[in-house]
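Everything on this sheet refers to the single structure shown next.
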Amino acid sequence: MQSGMYVSLSAQRALDKRLTTIADNMANVNTVGFRSTEVKFDDIVARTGNEMNAKVAFVSQGNDYLNTETGELKETGNTLDFAVKGDAWMALETPAGQVLTRDGRFNLTTNGELISVKGYPVLDVGGGRIQLDPNGGEAGVARDGTIVQDGRTVGKIGLFTADISKGYLRYDNSGVKTTQAPQPVVDDPTVGILQGYVEQSNVNGISQMTQLIQVSRAFESISNSMSQSETNMNEALKTLGGSK
């Protein structure tokens with residue numbers, strides 16, 4: 001009976017973690033470049049020390065991973081808005097170091113530096129800041145990220161890849177900081193940049209609401225089961241102890 005309580009507790013902890021990720025996803029359903037967090041659950045099989053040598057399957061808290069599906073592309077017509085096509089990221093220079101993002105809403109400072117909507121410098125393929133001519137007129141950006149201004153190539157928006165499954169941390173500007181060092185994309189026809197577009201959040205609001213209802217019901221069901229188990233245990237103790 002005690003094993004059943006522990007299994008229920010492990011399930012509640014797992015469901016609580018899932019509720020947290022769903023809440024975070026729902027809060028960012030309209031955040032440009034945001035990629036939703038999912039949780040992969042596994043059973044942990046623990047061998048108990050009883051005479052029956054029984055096995056009890058506990059629920060792990062689950063491992064977070066990013067949903068890498070591309071969000072809907074929205075045309076803005078803004079020449080400083082960019083969307084990444086394919087499995088790649090743009091990079092920003094932040095106080096925490098290099099951070100990857102799919103949020104391509106950029107601006108120019110008064111001295112011509114290309115920055116993100118949160119004020120972080122945008123990096124080129126070599127990891128350097130991108131500098132444009134503030135008086136050089138409108139800039140055009142090719143599919144490979146090459147920036148042309150007044151007929152001259154003045155820089156190149158860097159595209160990077162990283163194995164997110166090796167570990168990551170969320171950061172500002174829909175960014176992620178990976179434990180594995182990002183690698184620049186070179187001559188890959190499957191990835192590129194679209195000027196005048198932004199990528200919307202890939203959170204499916206309807207799906208997340210459905211999951212929220214399912215997880216809430218599961219949590220409530222387990223709570224009721226634990227309450228009933230506790231009642232049964234108390235009754236058993238009274239019976240074995242001879243209480244009336």
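Here, each number is a calculation from the coordinates, and none is a lab measurement. All values reported here derive from a predicted model rather than from experimental measurement. We place every Cβ from the backbone using ideal geometry, glycine too, and count neighbours over all the protein chains shown.
The table below gives the values:
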| quantity | calculated |
| --- | --- |
| Length-normalised contact order of the range 72-200 in % [C-alpha pairs under 8 Å, at least 6 apart] | 35 percent |
| Cβ-Cβ FRET estimate between Gln214 and Ala27, R0 fixed at 25 Å, reported to 0.05 | 0.85 |
| The range 72-200: Cα Rg divided by the 2.2 N^0.38 Å rule of thumb | 0.98 |
| Neighbourhood charge, 9 Å Cβ-Cβ cut-off, centred on Lys156 and excluding it, Lys, Arg +1 and Asp, Glu -1 | -2 |
